[in-house]
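The values are calculated or read from the model by the stated rules, or taken from the named source; none is laboratory data. All values reported here derive from a predicted model rather than from experimental measurement. Glycine gets a Cβ as well: all are built from the backbone with ideal geometry, and neighbour counts include every protein chain shown.
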Amino acid sequence: MSTWVVVLIVVAVIGLIIWGVVSMVHVLQEYERGVVFRLGRVRSRAKGPGLIILLPFGVDRMRKVTLQTVAMNVPPQDVITKDNITMRVDAVIYAKVVEPVPAVVRVQNYLFAVSQAAQTNLRAMLGKYDLDTLLAERETINRELHGIIAHRTHDWGVEVLGVEIKDVDLPDELRRAMAREAEADRDARALMISADAERRASRLLADAAAIISQNPQAMQLRFLQTITEVATEQNSTLVMPIPVELLSLFGRISDPGNGRPAGPPAVPPPASGSPAAPEDGPPPEQGNGRPG
């Protein structure tokens, strides 16, 4: 055998040994785990993190799995609500792998499987609610949807941390109708508040009128105060064609004591020296003029 052939064989053997040693050494990050298959059979526990040693020449094969939380966007889904309203709804799912071996062995692509489970359950779940419930109780729907998807993905070694409905796309006609309804509701509340304020103000005015009617001079003072306020706010001359003294007349008219008619004049009692007035009764008998 030639010397060159021996040298080539030795170099090839050394190269294979070096390649085998290098392929045995692997480094996994803190958020990574390695699922090892030895001759096609999965090892019971995942390896990592840090430095791990595998058998070379294809005896051990490793598949890396990340333990980081993954945010997956659910594509917009056409949903028909309980009250027959069509809308497009999309959501976001937060999930992570907690058991690497089932996530690799029991499902081909766990991220794709979680996304498909979220899409189907999203359509089925939202179809049980009407539009008002869907818009008002979104947190309750998120919790219920999270429970259903988490139960489905538990056997895959994937934990769903949360499901949130991100956007609800309503038809333009429905948006305009809801805007008109909200505007009418606000107008009705404004009218109710205004009517309640008018009712309270009328009660206060009635109380003030009752107090002023008991003190007629307060009307004149209130009139003078109003003139002062008008002259302060409006820089102009105020001419009153009605004399202020008429307010006292209104005060006397409003006084219940002045509104009664005057009674008949009192008859003075007769004096002690004057003859008493004849009492009422039949007239005395008249004589015939002859002495008796």
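If I filter the range 53-60 for residues that are part of a strand (DSSP E or B), in contact with a strand residue (DSSP E or B) (Cβ under 9 Å, 6 or more places away or on another chain) and not assigned by TED's automatic domain parsing to the domain that holds Pro100, do I get at least one hit?
For the range 53-60, residues part of a strand (DSSP E or B), in contact with a strand residue (DSSP E or B) (Cβ under 9 Å, 6 or more places away or on another chain) and not assigned by TED's automatic domain parsing to the domain that holds Pro100: present.
Just give me the residues in the range 145-161 being under 27 Å from the mean Cα position of the chain (by Cα) and crowded, with 16+ Cβ neighbours inside 10 Å, in sequence order.
Leu145, His146, Ile148
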Discussion item. I'd like the full set of residues that are modelled with pLDDT of 90 or more and not aliphatic (A, V, I, L, M), limited to the range 35-59.
Written reply: Phe37, Arg38, Arg41
Practice prompt. Consider only pairs whose beta carbons are under 8 Å apart and that are at least six residues apart or on different chains; among these, list those whose first residue lies in the range 103-123 and is touching a residue at least 24 places away in the same chain (Cβ under 8 Å) and whose second residue is surrounded by 14 or more Cβ atoms within 10 Å (Cβ to Cβ) and part of a loop (DSSP other than H, G, I, E, B).
Written response: Ala103/Gly157; Arg106/Gly157; Tyr110/Gly157; Ala113/Val107
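Would you mind stating whether Arg41 is of a type in the set (Lys, Arg), more than 30 Å from Val163 (Cβ to Cβ) and loosely packed, with under 11 Cβ neighbours inside 10 Å?
Yes.
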